[in-house]
Structure formats: structure tokens, C-alpha cells
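What follows is a set of notes on a single structure, which appears directly below.
The values are calculated or read from the model by the stated rules, or taken from the named source; none is laboratory data. Bear in mind the structure is a predicted one, so any value in this text is a computation, not a measurement. Cβ coordinates were reconstructed from backbone atoms using ideal geometry, including for glycine residues, and neighbour counts include every protein chain displayed. With ligands, DNA and RNA removed, areas are computed over all heavy atoms of the protein, side chains included. Shrake-Rupley method; radii C 1.70, N 1.55, O 1.52, S 1.80 Å.
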Amino acid sequence: MFLDTEFLKNDEIQLILEKTADGDEMKNWVPAYHFFICDLNGNRMGKCDLRIGYNGNLYYGGHIGYTVFPEYRGNHYAGKACLLLFQLAKKHDMKYLYITCNPDNYASRKTCEYARGKLMETVELPEGNDMRDRGEAEKCIMNLF
């Protein structure tokens, strides 16, 4: 199921596989890749992940997650990582991806837009959603591809 990921690099960053995670039907989780976002020398600048497949949870949580360590922010590394992850998603024959952010997280919204995300809607998280249970209320839902 999981593919080789050595090709996930450009002239500035590379994604180095940290681990893979099998799906969990009981938790309604799909399989996922977890990467370090690194410079070409292997210095870790952040993390990202790609969730493979489709289910209702991904509409709110998105197919891609990312974080960039504070000292590396402001260089579009998360957006550039997303663009690399698109290549892997396409190798899995995924026709579209969702990427989400909190409406008040402007940096994350800029990353979504950098990755060519098109805003579909801003929604209230449904009752019972684990993000809502952690105190989040809304998500901007963007479509990629």
C-alpha cells in the first residue's frame, strides 16, 4: 500500500519519511505518511503528513497536516511541502484533496492558498468531532487539485 517517497524533493526542501501508519477502521482513520520537512542537508524544519483515502472525517480534518518549527516560519516551507505531497497523492490515484484550517489562523490559511487551495466553505464542526471536543469550533474547507 505505501509507496517509495525518495522523489519528494525540489531545489530547496525534501520530505524525509518519519513513519507510516496503517488505517484504523474503529477510529475511522485512513492510512497516512508522516514526514519531516528538511532542507537539502537534512536539517529538520518541520513536519507534514498525507492521509490516503476518503472518509467523512477528512472533510473536516483534511488530507494534509503540517507544522513548521518557529525559527523556519515565513519561508513557505509548509506550502512547498504540500505541493510535493500532491505528487504522492496522485501516485495513489487520489482525484482531490481537502486541506483545512481554523478561520482565525491566518498563517495556515496563507499556506492553504499557497498550495492552491480553493475555499469551498467555512463550517461549524459537528457534535462528536474530536477537534470540536478539543475546543475548536469552525474550519475553512479548501479543495485541492
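Taking the conditions exactly as written (modelled with pLDDT under 95, buried (at least 18 other Cβ atoms within 10 Å of the Cβ) and within 27 Å of Thr20 (Cβ to Cβ)), does Leu144 satisfy them or not? Answer is yes for this residue.
In segment 12-35 there is at least one residue that is over 16 Å from Tyr77 (Cα atoms) and touching a Leu at 6+ places or on another chain (Cβ under 6 Å). No other residue among Tyr77, Tyr98, Tyr106 is of a type in the set (Ser, Thr, Tyr) and touching an Asp or Glu at 6+ places or on another chain (Cβ under 9 Å) apart from Tyr77.
Beta carbons closer than 7 Å, at least 6 apart along the sequence or on distinct chains, pair a first residue in segment 77-100 that is within 16 Å of Leu58 (Cβ to Cβ) with a second that is open to solvent by 10 Å² or more (accessible area, probe 1.4 Å) and of a type in the set (Lys, Arg) for Thr100/Lys139.
A quick yes/no check of all residues on (1) without any contact (Cβ under 8 Å) to a residue 60 or more places away in the chain; (2) under 23 Å from Lys139 (Cα atoms); (3) in contact with a Lys or Arg (Cβ under 9 Å, 6 or more places away or on another chain); (4) among the basic types (Lys, Arg):
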{"site": "Leu17", "(1), (2), (3), (4)": "yes, no, no, no"}
{"site": "Met26", "(1), (2), (3), (4)": "yes, no, no, no"}
{"site": "Asp39", "(1), (2), (3), (4)": "yes, no, no, no"}
{"site": "Gly53", "(1), (2), (3), (4)": "yes, yes, no, no"}
{"site": "Tyr66", "(1), (2), (3), (4)": "yes, yes, yes, no"}
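Scan segment 113-130 for residues that are within 20 Å of Phe86 (Cα to Cα) and either open to solvent by 90 Å² or more (accessible area, probe 1.4 Å) or part of a strand (DSSP E or B) (or both) and the total you get is 4.
Does His76 count as buried (at least 16 other Cβ atoms within 10 Å of the Cβ), farther than 27 Å from Asp130 by Cα and not hydrophobic (A, V, I, L, M, F, W, C)? For His76, the condition - buried (at least 16 other Cβ atoms within 10 Å of the Cβ), farther than 27 Å from Asp130 by Cα and not hydrophobic (A, V, I, L, M, F, W, C) - is met. Being out of contact with any helix residue (DSSP H, G or I) (no Cβ under 7 Å at 6 or more places or on another chain) and at pLDDT below 95, is that true of even one residue in segment 37-54? Looking for residues that are out of contact with any helix residue (DSSP H, G or I) (no Cβ under 7 Å at 6 or more places or on another chain) and at pLDDT below 95, one finds none in segment 37-54, hence no.
Here is the figure for segment 25-55: residues that are out of contact with any Ser or Thr (no Cβ under 7 Å at 6 or more places or on another chain) and open to solvent by 50 Å² or more (accessible area, probe 1.4 Å) total 11. Could you pull out the residue among Lys139, Lys110 that is surrounded by 19 or more Cβ atoms within 10 Å (Cβ to Cβ), of a type outside the set (Asp, Glu) and either in a helix (DSSP H, G or I) or at pLDDT 95 or above (or both)? That would be Lys139, the only listed residue that is surrounded by 19 or more Cβ atoms within 10 Å (Cβ to Cβ), of a type outside the set (Asp, Glu) and either in a helix (DSSP H, G or I) or at pLDDT 95 or above (or both).
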